[in-house]
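First the structure, in the form of structure tokens, and then the observations on it.
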Amino acid sequence: MADEHLRLVILVDNKGCGGLVEEHGFAAWVESGGRTLLFDTGQGAALVANAAALGCDLAAIDALVLSHGHYDHAGTVAHVLRRAAHARVYAHAGALVTRYSVRPGEPPRTIGMAGDDREAILALPPARLHWVDGPCVPAPGMTLSGPIPRQHPLEDSGGPFFLDPDGEAADPLDDDLALWIETPRGLLLLVGCCHAGLINTVAHARAVSGIDRIFGIIGGLHLVNASSERLAATCAALRGWEPAFVVPCHCSGDGAVAALAAALGERVVSGYTGLTLTLTANGLDVAGRKY
């Protein structure tokens, strides 16, 4: 279980505040148990400036976790690893594959990790590189999901994702990982894009941890292209889990966020760069709201 002090800061998101750099991407800073973890890196242009502005020293991180290998979550990895000379990297091996977005009437677009970032990871000594093929613990009180079973019939990867430019080999995004933190009030779930689906991800977290209660969810939910049936199922699941708060970010989609807010009311707090979550013995503060 995480200690009585936990701090989580969104460093990269599509929306920002206070002059921070906005970017289509996601990254979060997590401090707990005397350890510091960077979860994703965004595309690259926003991370360094926002981290400096928010007092997050990239050289101090103990671990870098990549939720998956898309460019908007795994940019500037080489720079981060140069700054954080002793940080360990946690990622699924599939994060390094070449991948594409293929839409009808448009040329295929490469959306995988840049070559120099891939090479920086592969150049790490074995002691610093952890290929995640099952649940693991990157820091005390924190668990990485490993590959998430795809069981819910309405949840797909959320987009026109392929492993080839001709759009013939669908990309299952098996590298999609989530992180959860055990707190006295249940699991705090951190997701990058949730390509495995939120219902699948929560089911896996509960099964692995043995903890049913969901305290909060933060990150990209990739509901921007979700069908009305999937969105309704997600809202119903959230009502059943009864989290104290949900912070949809990045790829969640404005329409989906509105639907979540209609289902959960003030428990939904739209994410943005600079949003800070602090958990102490006195309670939880999310962007000024007390829980």
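For ALA232, which of the numbered conditions (1) at pLDDT 95 or above; (2) not in a helix (DSSP H, G or I) fails to hold?
(2) is the only condition that ALA232 fails.
Among LEU11, LEU6, which is touching a Ser or Thr at 6+ places or on another chain (Cβ under 9 Å) and closer than 22 Å to CYS193 by Cβ?
Of LEU11, LEU6, the one residue that is touching a Ser or Thr at 6+ places or on another chain (Cβ under 9 Å) and closer than 22 Å to CYS193 by Cβ is LEU11.
Kindly provide the set of residues from the range 37-68 that are among the hydrophobic types (A, V, I, L, M, F, W, C) and under 14 Å from the mean Cα position of the chain (by Cα), ordered by number.
Across the range 37-68, the qualifying residues are LEU37, LEU38, PHE39, LEU64, VAL65, LEU66.
Any idea which of ASP212, ASP174 is surrounded by fewer than 24 Cβ atoms within 10 Å (Cβ to Cβ), touching a residue at least 60 places away in the same chain (Cβ under 8 Å) and in a loop (DSSP other than H, G, I, E, B)?
Step by step, each of ASP212, ASP174 is checked, and only ASP174 is surrounded by fewer than 24 Cβ atoms within 10 Å (Cβ to Cβ), touching a residue at least 60 places away in the same chain (Cβ under 8 Å) and in a loop (DSSP other than H, G, I, E, B).
Sort out which residues of the range 97-127 are surrounded by 15 or more Cβ atoms within 10 Å (Cβ to Cβ) and either assigned to a strand (DSSP E or B) or in contact with a Gly (Cβ under 6 Å, 6 or more places away or on another chain) (or both), and write them in order of number.
THR98, ARG99, TYR100, SER101, VAL102, GLY112, MET113
Note down all Cβ pairs under 6 Å where the first residue falls in the range 63-77 and is under 18 Å from ASP174 (Cβ atoms), the second is aromatic (Phe, Trp, Tyr) and part of a strand (DSSP E or B), and they're at least six residues apart or on different chains.
VAL65/PHE39; VAL65/TYR90
Contact list please: Cβ distance under 6 Å, first residue in the range 6-21 and over 28 Å from GLU182 (Cα atoms) and modelled with pLDDT of 95 or more, second residue of a type in the set (S, T, N, Q) and part of a loop (DSSP other than H, G, I, E, B), pairs at least six apart or on different chains.
LEU20/THR273
The values are calculated or read from the model by the stated rules, or taken from the named source; none is laboratory data. Values in this document were obtained by computation on a predicted structure and should not be read as measured data. Methodologically, a virtual Cβ is constructed for each residue, glycine included, from the backbone with ideal geometry; neighbour enumeration extends over all protein chains shown.
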